[in-house]
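Heads up: the structure comes next, in structure tokens.
The values are calculated or read from the model by the stated rules, or taken from the named source; none is laboratory data. Keep in mind it's a predicted model, so treat the numbers as computed, not measured. Please note: Cβ atoms are built from the backbone with ideal geometry, for glycine as well, and neighbour counts cover all protein chains shown. These accessible areas exclude ligands, DNA and RNA; they are computed on the full protein's heavy atoms, side chains included. Shrake-Rupley method; radii C 1.70, N 1.55, O 1.52, S 1.80 Å.
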Amino acid sequence: VVDGVPRQARVDHLRLGRVAQRTIALVADGKSYANVMDMAPERAVIQAIAKTRLDIQAASYLRGAALIPSFLKEGKVYGSEGINREWLDTLAAMQPEDWSFHWVFYEKDAPISLIRSTKVGSPMIEAANMDLKRAIESYRENMAVFGTNWRFVDPIPEPEIDQNDLPKFMMYGA
């Protein structure tokens, strides 16, 4: 829970690396994609990022990753027995700008893998942070109004789909 809002980030891989004599922390997340439009794989993964708003995932994970050093220093990391102490100490010394996020995309029906990355302060992450901030504010507002003890009521009284509501290409005999 951060600022009264429950958060979760399930990091697939966390590594340390070096860029220009500086130690950085790399968060990696595996993503499968289906290239149903038969695009160039490089374009298909950009489309996947945009269509599924993976930029918001990256922004959220980078925010969460920036908390890891304080969690380590405060003894709030559990299950780290057996992990190299030097590695943990290096991780605990990371600053927010030392983190980068990497998507490892693999195509479902082809042996193609691509890596794309972003980092704290990039224009994509800054824009995603604004969207994330609005989402968190919306969550807070809705929790204040509805709380957790409510049932969703469908505003449409008749759940059966009317043929006239469907796109024209789905019409029978069209």
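Numerical summary
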item	result
Prolate/oblate/rounded call for segment 1-45, Cα gyration tensor, a/c under 1.5 rounded	oblate
For Lys31, residues with placed amide H under 5 Å, excluding near neighbours	Val104, Phe105, Tyr106
Cα-based Rg and Dmax for segment 65-174, where Dmax is the largest Cα-Cα distance (Å)	23.5, 69
Helix 54-65 vs. the chain, principal-axis angle (Cα, 0 to 90°, nearest 10)	30 degrees
Prolate/oblate/rounded call for segment 13-67, Cα gyration tensor, a/c under 1.5 rounded	prolate
Percent accessible area from carbon and sulfur atoms, the chain, protein chains only, probe 1.4 Å	56 percent
Accessible surface, the chain, averaged per residue in Å² (probe 1.4 Å)	72 Å²
Computed accessible area, Asp38, all protein chains, 1.4 angstrom probe, square angstrom	130 Å²
Highest-MSF residue in the chain out of Gly30, Gly75, Gly121 [GNM, Cα springs under 10 Å]	Gly75
For Leu16, residues with placed amide H under 5 Å, excluding near neighbours	Leu26
Ranked by how many other beta carbons lie within 10 Å on average, peptides 52-62, 106-116 from highest	52-62, 106-116
Whichever lysines have a C-alpha closer than 29 Å to that of Lys119, once near sequence neighbours (fewer than 8 apart) are set aside	Lys31, Lys51, Lys73, Lys76, Lys108, Lys133
